[in-house]
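Peer 1: Can you read through this structure? Questions will come right after.
The values are calculated or read from the model by the stated rules, or taken from the named source; none is laboratory data. All of these numbers come straight from a predicted model, not from anything done at the bench. Cβ sites come from the backbone with ideal geometry, for glycine too, and all protein chains shown count toward neighbours.
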Amino acid sequence: MKKLHYIVFLLIFFGYNINAQNSDAQIEKKIDILLKKMTLKEKIGQMNQLSADDMETNFKVIQQGMAGSVLSITNPEIANKAQKIAVEQTRLGIPLIFGRDVIHGFKTIFPIPLGQAASFNPDLVEKAARVAAIEASETGIRWTFAPMIDIARDPRWGRIAESCGEDPYLTSVMGVAMIKGFQGKDLSDPSSIAACAKHFAGYGAAEGGRDYNTTAITERQFRNVYLVPFEEAVKKANLATIMTAFNANDGIPSSGNEFLLKQILRKEWNFKGFVVSDWASITEMVDHGFCTDNKEAAEKAINAGVDMEMVSGTYVAYIETLLQEKKISIETINEEIRNILRVKFKLGLFENPYVKGNTKDVFYKEEHLNLAEKLAEESIVLLKNEAQILPFNKSKTIAVFGPLADAPHEQLGTWVFDGEKNHTITPLKALKEKYGKDSNIIYEPVLKYSRDKDSTNFDKARKIAQEADVVLLFLGEESILSGEAHSLSDLNLQGIQSQLLSALVKTKTPLITIVMAGRPLTIEKEVKLSNAVLYAWHPGTMGGSAIANILFGKANPSAKLPVTFPKNVGQIPMYYNHLNTGRPANGSELNLTNIPVEASQTSLGNKSYYLDSGTQPLFPFGFGLSYSSFDYGKLKLSKTVLKKEEVLEISFTLKNTAQYEGTEIAQLYIRDITASIALPVKELKSFQRITLKPNEEKQVTFKLPITDLAFCGIDMKKKVEAGKFDLWIGSNSEKGEKVSFEVQ
Ligand code: GLC
């Protein structure tokens, strides 16, 4: 009998493989056949993406075979009309691919990606992306311009909201999860949408945190930091497309950067998807001063490896001429068409070009909303909880104030085109509907929006607060203040929100501050004045319900910060995985408050720190509290000397010493102490979510393959270097027992 099982297994295994190889090989054959038939004009058409601004004109362009994609059609009827023209009225009937920015949900809006990253829950994040794909694909969208996996270390940069934060490992884990969610198990499934990792590359390192600004990333930093999430996306998630970035790195705009697009992406990573430029990033190479005119921009983008041009139209305008002038080759064009057609075949668009569009059954489904609530609960970070004032455990008179207590549009966050604010459950709505019967909820916005400077209602608020048992103050940013092009040089709370908080604190009624924002804000003073602080990011459609559940203990916060919170803008850039420098401060240095008058020049110790704000952030990467409290037992290593191909096991006990069931996100950091180049003082290499009942204790084991310690050293080759390592496991990047091991 066993033999029969084995034979059956072999037949299935090889059958499947042959089938799988066939589908890849089959696709290549189909592309070959199609390419041979295509005229030059039809090839150029595939490289041209139209925006949906003027569909009447677009229908004509599509009919001429001069478009391969349209961006931002969200009406299934229009999508099918455009597709029908492409498939039934052009010579070869090559289907269009419809793209859209589906960044953190389509109709059901999930927390902004920075909030999703705070969940440290890739499974939930993948499910959220799956829901986004199910809702978006119902309108004909089969391609999203997400995830954004730019490493973001500067909260002045408005697009940090769309990122997964400052860490390459966490961003890689989250990026892979989002791509798997978008693309599903089979890209040809009508509910799957091609992902588009962006922005390639280094866009988040914009000088001064000012969007679109210059970057100066060395090749080694690219390989050890900024490219890590993209490489993982290509190698672990079968990424379908990539988008070039706006920034010029070392003087070379990403849409003309052959090193990135050919050497790294194609030669080293063997990327088989296609590359799309960002919006007009090709013509912007003229503004960069990298190209004389749009014709040269087209030439440089094509030769660098940009397969499809987003809306700027230079490919349609100049490819024929560039070919005649031998500035580009037909081989390059054919290769770039091949990349585009490969994704269209994998999406099954040739077999199923049209969409059913039964949106009413799919949009805002209860299971989608429940998932959005769960992910919001797991993304909200508890930053302070003095005297365990939270969760509320008995009915109270609750005063609810602030411009974000009932702001259905702002709560959704940036990059929301299709989610509707009338579906938003705001904190006020949730408090009234879910917890209002046991509590007396009194609401006064006081400020109309986050930038409001009208203090007229301060007195009214003070009177209400004096009569209340507790104050809930909802502060933060309107959604327009983060996202693309929305950089800030001052990260203090906008308007007079801080003054409102100070005024309410004077009433001595316990005050809980809930911040909704698209980025870390410099809220040191507000945290000090508040009894408790929740950081909810922009939590999406169900964010208010999630906040209410946390306030009343139906959910226990577990989220951790995916990005460092600086005390002030002057400390930026401040991130945990920094280099040590030759003169690291140890925190005991003199500062503005204790430097003696006429102190001698060298008496302060010449260390790397700020006289006025030291080196410590307001909150470190990985920080987040819980209603539970977790005790870590001593770390035990399986070995202290290992070879490069071995796996180190680290075990410890974790105990929940509180009366609330909770989830701890235990984080594993390493330091490669001495190497051929200076390396970060800490690097996140793994994390685990461990849920424990009150007083429950568990044995936890981390497995760390030594190969995970590889990096590009002095010779630019990615490998593990022998030597001594420190390792920590703890609740954030500044906590945890340190142990050491050696790699031979
Ligand atoms: C924007 C963004 C990019 C987006 C694209 C299409 O400028 O930089 O992230 O996907 O245009 O909307």
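Peer 1: When you scan region 344-351, do you find a residue that is surrounded by fewer than 17 Cβ atoms within 10 Å (Cβ to Cβ) and in contact (Cβ under 8 Å) with a residue 24 or more places away in the chain, even just one? It would help to see each step written out before you state the result.
Peer 2: Our first condition is that a residue be surrounded by fewer than 17 Cβ atoms within 10 Å (Cβ to Cβ); within region 344-351, this holds for 351.
In the following step, the residues that additionally are in contact (Cβ under 8 Å) with a residue 24 or more places away in the chain were identified as 351.
Within region 344-351, one or more residues are surrounded by fewer than 17 Cβ atoms within 10 Å (Cβ to Cβ) and in contact (Cβ under 8 Å) with a residue 24 or more places away in the chain.
Peer 1: Condition first: part of a loop (DSSP other than H, G, I, E, B) and either at positive phi or surrounded by fewer than 24 Cβ atoms within 10 Å (Cβ to Cβ) (or both). Now tell me which residues in region 556-576 satisfy that.
Peer 2: Matches in region 556-576: N556, K567, N568, I572, P573, Y575.
Peer 1: Among A79, A25, A86, which is in contact with a helix residue (DSSP H, G or I) (Cβ under 7 Å, 6 or more places away or on another chain) and among the aliphatic types (A, V, I, L, M)?
Peer 2: Numbers: A79 fails: in contact with a helix residue (DSSP H, G or I) (Cβ under 7 Å, 6 or more places away or on another chain); A25 fails: in contact with a helix residue (DSSP H, G or I) (Cβ under 7 Å, 6 or more places away or on another chain).
Answer to the selection: A86.
Peer 1: If you don't mind, another one. Tell me the helices (runs of 4 or more DSSP H) entirely within region 57-141 that contain at least 1 residues that are within 16 Å of the ligand (Cβ to nearest atom) and at pLDDT 95 or above.
Peer 2: Passing ranges, in order: 113-118, 122-137.
Peer 1: In region 641-675, what residues are within 18 Å of Q699 (Cβ to Cβ) and either among the aliphatic types (A, V, I, L, M) or assigned by TED's automatic domain parsing to the domain that holds S119 (or both)?
Peer 2: Across region 641-675, the qualifying residues are V647, L648, I650, L654, I665, A666, L668.
Peer 1: Suppose we filter N270, N249, N257 for residues that are away from the ligand (no atom under 14 Å from the Cβ), under 20 Å from R223 (Cβ atoms), assigned by TED's automatic domain parsing to the domain that holds F182 and under 23 Å from the mean Cα position of the chain (by Cα); which single one remains? Talk me through it step by step, then tell me what you get.
Peer 2: On the way: N270 fails: under 23 Å from the mean Cα position of the chain (by Cα); N257 fails: under 23 Å from the mean Cα position of the chain (by Cα).
N249 is the lone residue from the list that is away from the ligand (no atom under 14 Å from the Cβ), under 20 Å from R223 (Cβ atoms), assigned by TED's automatic domain parsing to the domain that holds F182 and under 23 Å from the mean Cα position of the chain (by Cα).
Peer 1: So which of D150, D154, D167 ends up being more than 16 Å from the ligand (Cβ to nearest atom), of a type in the set (D, E, K, R) and under 12 Å from the mean Cα position of the chain (by Cα)? Outline the logic, then answer.
Peer 2: Working: D150 fails: more than 16 Å from the ligand (Cβ to nearest atom); D154 fails: under 12 Å from the mean Cα position of the chain (by Cα).
Step by step, each of D150, D154, D167 is checked, and only D167 is more than 16 Å from the ligand (Cβ to nearest atom), of a type in the set (D, E, K, R) and under 12 Å from the mean Cα position of the chain (by Cα).
Peer 1: Looking at E331, E336, E367, E351, which is the one that is assigned to a loop (DSSP other than H, G, I, E, B) and not β-branched (V, I, T)?
Peer 2: Unique residue meeting the criteria: E351.
Peer 1: Pull up region 308-333, narrow it to residues that are closer than 20 Å to F200 by Cβ and either away from the ligand (no atom under 16 Å from the Cβ) or of a type in the set (A, V, I, L, M) (or both), then point me to the one that is nearest to the chain's Cα centre (by Cα).
Peer 2: Among residues in region 308-333 that are closer than 20 Å to F200 by Cβ and either away from the ligand (no atom under 16 Å from the Cβ) or of a type in the set (A, V, I, L, M) (or both), the one nearest to the chain's Cα centre (by Cα) is M310.
Peer 1: From the residues in region 246-264 that are more than 10 Å from G305 (Cα to Cα) and touching a helix residue (DSSP H, G or I) at 6+ places or on another chain (Cβ under 7 Å), which one is surrounded by the fewest Cβ atoms within 10 Å (Cβ to Cβ)?
Peer 2: Among those that are more than 10 Å from G305 (Cα to Cα) and touching a helix residue (DSSP H, G or I) at 6+ places or on another chain (Cβ under 7 Å), it is F246.
Peer 1: Restricting to region 409-467, what's the tally of residues that are over 14 Å from G544 (Cα atoms) and either in the same structural domain as I141 (by TED's automatic domain parsing) or hydroxyl-bearing (S, T, Y) (or both)?
Peer 2: Result for region 409-467: 7.
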